[in-house]
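The values are calculated or read from the model by the stated rules, or taken from the named source; none is laboratory data. Quick caveat, the model's predicted, so the values are computed rather than measured. So basically every Cβ, Gly included, is an ideal-geometry build from the backbone, and we count neighbours across all protein chains shown.
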Amino acid sequence: MASKAILDQKQTLVNEVASKFEASSSTVVVNYRGLSVSEVTELRIKLREAGVEYKVYKNNIMKRAAESVEIDCLGDHFTGPSAIAFSEDVIAPAKVLYEFSRDHKALEIKGGYIEGQYADFDTIKELAEIPNMEGLLTMLAGSMLSPIKDVAIGLNMFAELEGDVKPVDAEEAQTEEVTEEATEEVAEETAEAAE
């Protein structure tokens, strides 16, 4: 029979993992069997750079921790060599693990628990394919500038029909310049916000 010290040590580990489940917005469970030591090290570095904590615990510890915080949906995933990624960022673990698994077929994404709901592989893949904040802001800026450009073109066409104003290449160049400047400003603000 296990001594009290060992049982206390295991309970401390269960409590530690349970607190990580509660603190994270996104948790992803993976099977790392078949990855070399250098590949696991590369994966850990990428996850750490994205602000994701990646740990390997005994399956029993992870299962008990998940059950203690009422996350029963992950219990079946804690078999075989399992590692778990925790993050406060909803997309980061999905993105890093999915991109890594595309290049390293040995890494298998088993499932996850994201924002209080079970996430299967397909859900994690969808999250991974969402553009990052900089990409989203660039898309937003482009969609905001498009109507302004369309109005300018429409006004120019109206003026041509009326015969009052002849089209001037300088005006078109100025409109393009303003659009490019606005896009650059948004990209710079996005980069500053991301830092």
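Only one entry of 80, 75 meets the criterion of being part of a loop (DSSP other than H, G, I, E, B) and in the same structural domain as residue 17 (by TED's automatic domain parsing), and that entry is 80.
So that you can scan it fast, the table gives a plain yes or no per residue for (1) surrounded by fewer than 17 Cβ atoms within 10 Å (Cβ to Cβ); (2) closer than 21 Å to residue 122 by Cα; (3) free of Cβ contacts under 8 Å to residues at least 24 places away in the same chain:
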site: 67; (1), (2), (3): yes, no, yes
site: 72; (1), (2), (3): yes, yes, yes
site: 75; (1), (2), (3): yes, yes, yes
site: 85; (1), (2), (3): no, yes, no
site: 93; (1), (2), (3): no, yes, no
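Taking the listed residues 142, 111, the one that is among the small types (Gly, Ala, Ser) and either outside any helix (DSSP H, G or I) or closer than 30 Å to residue 9 by Cβ (or both) is 111, with no other qualifying.
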